[in-house]
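The values are calculated or read from the model by the stated rules, or taken from the named source; none is laboratory data. It should be emphasised that the depicted structure is a prediction, and the values quoted were computed from it without experimental measurement. No Cβ is skipped: glycine too gets one built from the backbone with ideal geometry, and neighbour counts run over all protein chains shown.
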């Protein structure tokens, strides 16, 4: 590597590698120091159990010698040896990378980090005034308190050059509505922000009021991603806040909402969301996760469909209604009707596993709709664990999807359905007729 003086980008992953230790890292960083033109570096050390706290010292000391580095991504998730001392060592050296434009740190599942470690990282971030992209995953940091979060938010206020912010707080049990109110005030300062992703999955104290604190600050954005999955106090009232605060944000091109396993979500929420989508005709990417929301019925999908039909510029669509077992063929018919208006759709991902009131006729309706999307190149369908789906369903899919001449990737997950070997073989044979198809994944 020392001879590759003109390398601009390096990405190295050492996930679950038990051979990686302190000495290996030192050797690697010695080589990296020689790369005078290095602009972008990504190092992933996920579940490398032999990396101690001093391993962070070896990683970051080498990086401080690189004056050309502008984009840095470090992944050190699930390393049980890392404690506050390791984060402090890392933070001290990150302070010296004052020219960084983009920083990504995946520190999820470092269970022993406390406020002390988070405070040291917050201090380091204060010096990175040139940052325009920041991604931090602190998921499952179980020892962080409300005060640690508040200190971190105070630091974010100073990063006024940020254009993209991605924060992960999965399973932070101390987070509550007041915490999100503090974050909301911080967002008000970040006037250059164009993209935001916030993950509060399994934060059980957050309610609709906390969600509202966030949505009311989301203005002039191009991309919005919010995940409140498994937050048991979130109700359909949240949709009213989302729609009131976001429906006039016509600059949004990508929108993602995760409310999986929120048991209080029902059809009324989807009706409100459908009304909101009518105001976003220029949306390019949409992802909705209602996995396990068991109160959603066909009526909810019918209301959602009224908005989806307005999204005529959509390129990417991801809908997850797995385990919403009140959905029938009628619900699938509503989704299919909206697809007819999406002539520019290129990627579709539909998850309806365990919706056991769907049968072959529902898949026939869906397949017909997909066949009329000429730009589709990627299809992912999941209808597992539905005993009323038979070989007949595969016959319909084969018949109609063969018309998609641009199709390159197809993944079908139909495990635990009533499908025979004969149906499987016929499906595989049929897909061979699609000339541009490059990847097939069939779990039948």
request  = Mind listing whichever residues of segment 235-272 are touching a helix residue (DSSP H, G or I) at 6+ places or on another chain (Cβ under 6 Å) and part of a loop (DSSP other than H, G, I, E, B)?
outcome  = 236, 247
ask   = Can you find a residue in segment 362-375 that is over 28 Å from the mean Cα position of the chain (by Cα), crowded, with 21+ Cβ neighbours inside 10 Å and within 20 Å of residue 437 (Cβ to Cβ)?
value = no
task = State all residues of segment 95-148 that are within 18 Å of residue 161 (Cα to Cα), part of a loop (DSSP other than H, G, I, E, B) and out of contact with any helix residue (DSSP H, G or I) (no Cβ under 9 Å at 6 or more places or on another chain); if no residue qualifies, say none.
result = 98, 99, 101, 129, 130, 132
task = Kindly indicate the residue of segment 414-444 that is under 27 Å from the mean Cα position of the chain (by Cα) and closer than 17 Å to residue 359 by Cβ and also modelled with the lowest pLDDT among those meeting that condition.
result = 444
ask   = Restricting the search to segment 186-200, which residues are surrounded by fewer than 19 Cβ atoms within 10 Å (Cβ to Cβ) and within 18 Å of the chain's Cα centre (by Cα)?
value = 194, 195, 197
query = Which of the residues belonging to segment 197-216 are assigned to a loop (DSSP other than H, G, I, E, B) and out of contact with any strand residue (DSSP E or B) (no Cβ under 9 Å at 6 or more places or on another chain)?
reply = 202, 216
note = From the option list 145, 160, single residue qualifying as out of contact with any strand residue (DSSP E or B) (no Cβ under 8 Å at 6 or more places or on another chain), within 20 Å of residue 111 (Cα to Cα) and surrounded by fewer than 17 Cβ atoms within 10 Å (Cβ to Cβ) is 145
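So that you can scan it fast, the table gives a plain yes or no per residue for (1) modelled with pLDDT of 95 or more; (2) closer than 14 Å to residue 352 by Cβ; (3) surrounded by fewer than 21 Cβ atoms within 10 Å (Cβ to Cβ); (4) under 21 Å from the mean Cα position of the chain (by Cα):
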residue: 267; (1), (2), (3), (4): yes, no, yes, no
residue: 295; (1), (2), (3), (4): yes, no, yes, no
residue: 298; (1), (2), (3), (4): yes, yes, yes, no
residue: 317; (1), (2), (3), (4): yes, yes, no, yes
residue: 322; (1), (2), (3), (4): yes, yes, no, yes
residue: 327; (1), (2), (3), (4): yes, yes, no, no
inquiry  = Any residue at all in segment 303-310 that's over 24 Å from the mean Cα position of the chain (by Cα) and in a helix (DSSP H, G or I)?
reply    = yes
